[in-house]
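The values are calculated or read from the model by the stated rules, or taken from the named source; none is laboratory data. Predicted model, so just to flag it, every value in this text is computed and none were measured. Note that each Cβ is placed from the backbone with ideal geometry, even for glycine, and that neighbours are counted across all protein chains shown.
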């Protein structure tokens, strides 16, 4: 599945920390590699590409990273920060 940031959220990042605010006033705080995921979402990208990128960058296993990425994307989608789009 492909994912992309929604254009109507406001966000700020510093190394290792990201805060995203929705138009409804919800705040999502993300720490560590999650901010790397957010930076990759500036254009549509497949979840498998996100996982591959993080696996290479951090040297962790695909399965472990895949679970973490899936959980993060689900959380961001629940808050309306990202959307899935057709491939």
Worksheet item: Going through the stretch 13-41 one residue at a time, which ones are farther than 18 Å from residue 74 by Cβ and at pLDDT 95 or above?
Response: 19
Worksheet item: For the stretch 45-61, what are the residues that are within 17 Å of residue 1 (Cβ to Cβ) and in contact (Cβ under 8 Å) with a residue 24 or more places away in the chain?
Response: 45, 46, 47, 50
Worksheet item: Does the stretch 65-87 hold any residues that are under 16 Å from residue 19 (Cα atoms) and surrounded by 12 or more Cβ atoms within 10 Å (Cβ to Cβ), and which are they?
Response: 72, 73, 75, 76, 77, 79, 80, 81, 82
Discussion item. Among the residues that make up the stretch 3-19, is at least one of them touching a helix residue (DSSP H, G or I) at 6+ places or on another chain (Cβ under 7 Å) and part of a helix (DSSP H, G or I)?
Written reply: no
Item to complete: Name the one entry in 42, 26 that is under 15 Å from residue 6 (Cα atoms) and either within 15 Å of the chain's Cα centre (by Cα) or loosely packed, with under 13 Cβ neighbours inside 10 Å (or both).
Response: 42
